[in-house]
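Undergrad: Let me give you the structure first, and then I'll get to my questions.
The values are calculated or read from the model by the stated rules, or taken from the named source; none is laboratory data. Only a predicted model underlies this, so the values are computations on that prediction, with no experimental measurement involved. Every residue, glycine among them, receives a Cβ derived from its backbone with ideal geometry; neighbour counts consider all protein chains shown. Each accessible area value is taken on the protein alone, full model and side chains, heavy atoms only, with ligands, DNA and RNA left out. Shrake-Rupley method; radii C 1.70, N 1.55, O 1.52, S 1.80 Å.
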Amino acid sequence: MAIKIKTPKQIEGIRKSSQLAAQCLKHLEQFVKPGITTKELDTIASDFMKQHNATSATIGYKGHGVQPFSGHICTSVNDVICHGVPNDYTLKDGDILNIDVTTILDGYFGDTCRMYAVGDVTDEAQALMDATKECLKIGLKECYPGSRFGNIGYVISEFAHKQGYSVVYEFCGHGVGLQFHEDPEVSHIAHKNTGKRMRPGMIFTIEPMINTGKARSKVDESDGWTARTIDGGLSAQYEHTILITENGCEALTDVYGDY
Ligand code: MF3
Ligand code: CO
Ligand code: CO
């Protein structure tokens, strides 16, 4: 399928939804503390979206799962790579948590995730989160008209592997905006100068998942969604929704100004 080029009106709508998703992540920051359950965070996020006339794209989502996703957000703790289902798990000091928010506002989708340290985390965990954030940043540098999608996965995997981390290849970034998951698939491991070329008006995510141990994942049978590392190693992820502009790109989900 061809990669959609969004119209100025669509871009405006997707920018608004993306900003709201990012604001939701910011709002959640104050609540991420030892003692809160991931289900409670889910309720806070759901309330926030409601207050801003948006809905969650994840609740009831039927991607590849055996049952529809039951959270308004994904909450992925420690060895969970992605798609963690909010439940009665109580966060404890030293946990690392990923929250992934996808909003639908006026029919437009915005998708973003980031890491949170719960209390004091180990140096190993902090280093993994920092490196993963850096992976997203260097991926963004490859986003401009004429660049090819493979360049993103190339720089990310080179950087991560050099530091002894593995890069998850069973889950990818994706086109986004008019639907939750559109073409293209954005791999975080790839060869330089491969893949389709980026054009102004394309909107997609980069969302590297980086592991301390092996790259492989296994999905919890209990919920059909929660994807963990096979060896119990830690996993971290950061995600932005990105617009290709005439001369570069814009991270539509950036509200921290630090990409
Ligand atoms: N937001 C995730 C992504 O970045 C997808 C979550 S699908 C869900 O693509 F069903 F698990 F929520
Ligand atoms: Co995504
Ligand atoms: Co996401």
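Undergrad: Is it the case, given these coordinates, that GLY213 is in a loop (DSSP other than H, G, I, E, B) and on the phi > 0 side of the Ramachandran plot? Please lay out each step first, then the result.
TA: Values: in a loop (DSSP other than H, G, I, E, B): yes; on the phi > 0 side of the Ramachandran plot: no.
The answer is no for GLY213.
Undergrad: Consider only pairs whose beta carbons are under 6 Å apart and that are at least six residues apart or on different chains; among these, list those whose first residue lies in segment 90-105 and is closer than 23 Å to ILE242 by Cβ and whose second residue is open to solvent by 20 Å² or more (accessible area, probe 1.4 Å) and in a strand (DSSP E or B).
TA: ILE104/THR55
Undergrad: Here is a further query. For segment 147-177, enumerate the residues that are touching a helix residue (DSSP H, G or I) at 6+ places or on another chain (Cβ under 7 Å) and within 14 Å of ligand 2 (Cβ to nearest atom).
TA: Result: ILE152, GLY177.
Undergrad: Go over the candidates CYS143, CYS113 one by one and state the one that is closer than 22 Å to SER187 by Cβ and part of a loop (DSSP other than H, G, I, E, B).
TA: Checking each option against the conditions leaves just CYS143.
So that you can scan it fast, the table gives a plain yes or no per residue for (1) free of Cβ contacts under 8 Å to residues at least 40 places away in the same chain; (2) within 16 Å of ligand 1 (Cβ to nearest atom):
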{"residue": "MET202", "(1), (2)": "no, no"}
{"residue": "PRO208", "(1), (2)": "no, yes"}
{"residue": "THR212", "(1), (2)": "no, no"}
{"residue": "ASP223", "(1), (2)": "no, yes"}
{"residue": "ARG228", "(1), (2)": "no, yes"}
{"residue": "ASP231", "(1), (2)": "yes, no"}
{"residue": "ALA236", "(1), (2)": "no, yes"}
{"residue": "CYS249", "(1), (2)": "no, no"}
{"residue": "GLY257", "(1), (2)": "yes, no"}
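Undergrad: Go through segment 130-172 and give me each residue that's under 16 Å from the mean Cα position of the chain (by Cα), surrounded by 22 or more Cβ atoms within 10 Å (Cβ to Cβ) and either under 21 Å from THR253 (Cα atoms) or of a type in the set (D, E, K, R) (or both).
TA: Matches in segment 130-172: THR132, CYS135, LEU136, GLY139, ILE152, GLY153, ILE156.
Undergrad: Can you tell me which residue within segment 171-186, out of those that are out of contact with any Phe, Trp or Tyr (no Cβ under 7 Å at 6 or more places or on another chain) and without any contact (Cβ under 8 Å) to a residue 60 or more places away in the chain, is nearest to ILE81 (Cα to Cα)?
TA: Only one residue tops the list, namely CYS172.
Undergrad: Could you look through segment 87-96, keep only residues that are touching a helix residue (DSSP H, G or I) at 6+ places or on another chain (Cβ under 8 Å) and either over 11 Å from THR37 (Cα atoms) or open to solvent by less than 10 Å² (accessible area, probe 1.4 Å) (or both), and pick out the one that is farthest from ligand 3 (Cβ to nearest atom)?
TA: The extreme case among them is GLY94.
Undergrad: A follow-up question, please. Looking at LYS137, LYS133, which one is within 16 Å of ligand 3 (Cβ to nearest atom), basic (Lys, Arg) and out of contact with any helix residue (DSSP H, G or I) (no Cβ under 7 Å at 6 or more places or on another chain)? Walk me through how you get there before you give the answer.
TA: Numbers: LYS137 fails: within 16 Å of ligand 3 (Cβ to nearest atom).
Selected residue: LYS133, the only one of LYS137, LYS133 that is within 16 Å of ligand 3 (Cβ to nearest atom), basic (Lys, Arg) and out of contact with any helix residue (DSSP H, G or I) (no Cβ under 7 Å at 6 or more places or on another chain).
Undergrad: Related question: Within segment 1-59, which residues are of a type in the set (D, E, K, R) and assigned to a helix (DSSP H, G or I)?
TA: LYS9, GLU12, ARG15, LYS16, LYS26, GLU29, LYS39, GLU40, ASP42, ASP47, LYS50
Undergrad: Please indicate, with yes or no, whether at least one residue in segment 159-180 is in a helix (DSSP H, G or I) and under 28 Å from LYS26 (Cβ atoms).
TA: Yes, some residue in segment 159-180 is in a helix (DSSP H, G or I) and under 28 Å from LYS26 (Cβ atoms).
Undergrad: Are any residues in segment 37-78 aliphatic (A, V, I, L, M), farther than 24 Å from ARG228 by Cβ and out of contact with any helix residue (DSSP H, G or I) (no Cβ under 6 Å at 6 or more places or on another chain), and if so, which ones?
TA: Residues satisfying the conditions are ILE44, MET49.
Undergrad: Is there a residue in segment 51-67 that is away from ligand 3 (no atom under 15 Å from the Cβ), in contact (Cβ under 8 Å) with a residue 40 or more places away in the chain, under 23 Å from GLN19 (Cα atoms) and exposed (fewer than 13 other Cβ atoms within 10 Å of the Cβ)?
TA: Within segment 51-67, one or more residues are away from ligand 3 (no atom under 15 Å from the Cβ), in contact (Cβ under 8 Å) with a residue 40 or more places away in the chain, under 23 Å from GLN19 (Cα atoms) and exposed (fewer than 13 other Cβ atoms within 10 Å of the Cβ).
Undergrad: Can you spot a residue in segment 10-27 that is of a type in the set (Lys, Arg) and within 11 Å of ligand 1 (Cβ to nearest atom)?
TA: no
Undergrad: Give the residues of segment 60-101 that are closer than 20 Å to ALA127 by Cα and of a type in the set (Lys, Arg), sorted by residue number.
TA: LYS92
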